[in-house]
Amino acid sequence: MNVRDSEHMIAELNAKEPYELTQKLDDADLIIINTCSVREKPVSKLFSEIGVFKKHKKPNAKIGVTGCTASHLGKDIIKRAPAVDFVLGARNISKITKVIEEKHAVEVDIDNDDSNYDFSEYRSNPFKSMVNISMGCDKSCTFCIVPATRGDEVSIPSDLLVTEITKAVNTGAKEVMLLGQNVNNYGKSFSTQDENTNFTALLQKISKIEGLERIRFTSPHPLHMDDAFLEEFASNPKICKQIHVPLQSGSTSLLKSMRRGYSKEWFLNRCEKIRTLCPEATISTDIIVGFPGESDEDFSDTMDVLDKVRFEQLFSFKYSPRPHTPAQDFENQIPNDVAGARLTKLQARHTEILDEVMNAQMGAEHHVYFDELKANGKVSGRSDDGKLFYVEGSEELLGKILKVKVTEVSRGALNGIVCA
Ligand code: 5AD
Ligand code: SF4
């Protein structure tokens, strides 16, 4: 979402101000640091980065801090780092052209503002098209800072989405990535108009766009994975067979204190349904270890879900206490070494699963959508089920979907040759 937010800011600066992108720091008149605050680490990195930029920038170049950390630290960023000229929250990025004109502007409110989905056009890569379908989040997971930084959930009207995706298709994209904190909650609340729709209906509507061949989305919420949605996922040939199902924890009691709204059984039942309806699909997940109160037994439940579902991709994190969240004040915070040991165990088991999954790919054939030219004479792309591929080739491959045979496997990616 931050990558797309950056594209939106670049779009506005290109269209309405005399700015163009540069790769050279000492050439820049404006430096924007677009930040994440989901975990603490990126926040601490921010201030050291500001120091580096301050040292090497042109004397009059402005520095702006945008995104979620801007939302939650607000004017404190300028207090701590006076070299910063403006602070612009994740829900306010449409105001980028306004804040660059004001000294020490701070725009961080999270009320809805429809200008947040009315941007000029810019994509850093015409073949990779991300489209926001909603903003904010209406959940209140006790570990998560996002509702405080991105505000209430608002869906973007479906006709606007169809227009935006059609434009992307007309400039070369065959695939679209639909983005939202909770994509399958789409349609619950619109700001100005009422539309009777949901995510399944949106997928059906978007599938009708001529020239669009593939639809991906991230992230859905396990709670809203009803049968109709999973059946659409399995049966719609334009929907890529890769689905993110964020677990967070395998323990029902921990899920309750995380306020996730589902149990271990519900989660397993949804994954089983996906495997039954669509055996070719890959499932990825997010897991947090060391959430306050996590016992050895709770952690075993998480390991158990990992073994049962055999996620093809895992994003795993040590719990990080965040401001504006209830869990930071929970009793029984888990010592860092215990959380670290659990993370190591979880990742080691997942590596074994991943090795089995990837080794079985040797010689397999996939349809790959090529979307990026690499510096080493390779072109990269993804198979329908989300595996990263590299082949020897040139820009002629970009924007094409071609059959590729796997010739070499590794944990992160597959090398292959384009079939004649
Ligand atoms: N600590 C650790 N991980 C977190 N995530 C969100 N908040 C926290 C936190 N406080 C993880 C969740 C989420 C992903 C984007 O980041 O797993 O799905
Ligand atoms: Fe955060 Fe939960 Fe919303 Fe996801 S669903 S953004 S984890 S509050």
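Beta carbons closer than 9 Å, at least 6 apart along the sequence or on distinct chains, pair a first residue in the stretch 237-248 that is in contact (Cβ under 8 Å) with a residue 40 or more places away in the chain with a second that is aliphatic (A, V, I, L, M) and surrounded by fewer than 19 Cβ atoms within 10 Å (Cβ to Cβ) for Lys241/Ala234.
Scanning the stretch 369-387 for residues that are closer than 17 Å to Lys174 by Cα and either modelled with pLDDT under 95 or part of a strand (DSSP E or B) (or both) gives Tyr369, Phe370, Asp371, Glu372, Leu373, Val379, Ser380, Gly381, Arg382, Ser383.
When we screen Lys62, Lys75, Lys79, Lys98 for residues that are more than 16 Å from ligand 2 (Cβ to nearest atom), open to solvent by 10 Å² or more (accessible area, probe 1.4 Å), in contact with a Leu (Cβ under 6 Å, 6 or more places away or on another chain) and assigned by TED's automatic domain parsing to the domain that holds Glu49, the only hit is Lys62. What do you reckon, is Leu306 within 20 Å of Ser383 (Cα to Cα), within 15 Å of ligand 1 (Cβ to nearest atom) and modelled with pLDDT of 95 or more? Judged against the criteria, Leu306 is not a match. Using the structure shown, decide if Asp304 is surrounded by 14 or more Cβ atoms within 10 Å (Cβ to Cβ), in a helix (DSSP H, G or I) and charged (D, E, K, R). In short, yes. Within the stretch 225-248, not a single residue is of a type in the set (Ser, Thr, Tyr) and closer than 30 Å to Pro326 by Cα. Of the helices (runs of 4 or more DSSP H) lying entirely inside the stretch 171-289, those containing at least 3 residues that are assigned by TED's automatic domain parsing to the domain that holds Cys144 and within 16 Å of ligand 2 (Cβ to nearest atom) span 252-258, 264-277. When each of Leu230, Leu255 is tested for being within 14 Å of ligand 1 (Cβ to nearest atom) and either crowded, with 20+ Cβ neighbours inside 10 Å or within 26 Å of Ala168 (Cβ to Cβ) (or both), the lone residue that passes is Leu255.
Would you please name the residue that is surrounded by the fewest Cβ atoms within 10 Å (Cβ to Cβ), looking only at residues in the stretch 357-377 that are under 26 Å from the mean Cα position of the chain (by Cα) and acidic (Asp, Glu)? Checked the stretch 357-377; the qualifying residue surrounded by the fewest Cβ atoms within 10 Å (Cβ to Cβ) is Glu372. Taking the stated definitions as given, is Thr149 open to solvent by less than 10 Å² (accessible area, probe 1.4 Å), within 16 Å of ligand 2 (Cβ to nearest atom) and part of a loop (DSSP other than H, G, I, E, B)? Here the answer is no, as Thr149 does not meet what is asked.
The values are calculated or read from the model by the stated rules, or taken from the named source; none is laboratory data. For clarity, every value in this text was computed on a predicted model and none was experimentally measured. Note that each Cβ is placed from the backbone with ideal geometry, even for glycine, and that neighbours are counted across all protein chains shown. For accessibility, only protein heavy atoms count, side chains too; no ligands or nucleic acids. Shrake-Rupley method; radii C 1.70, N 1.55, O 1.52, S 1.80 Å.
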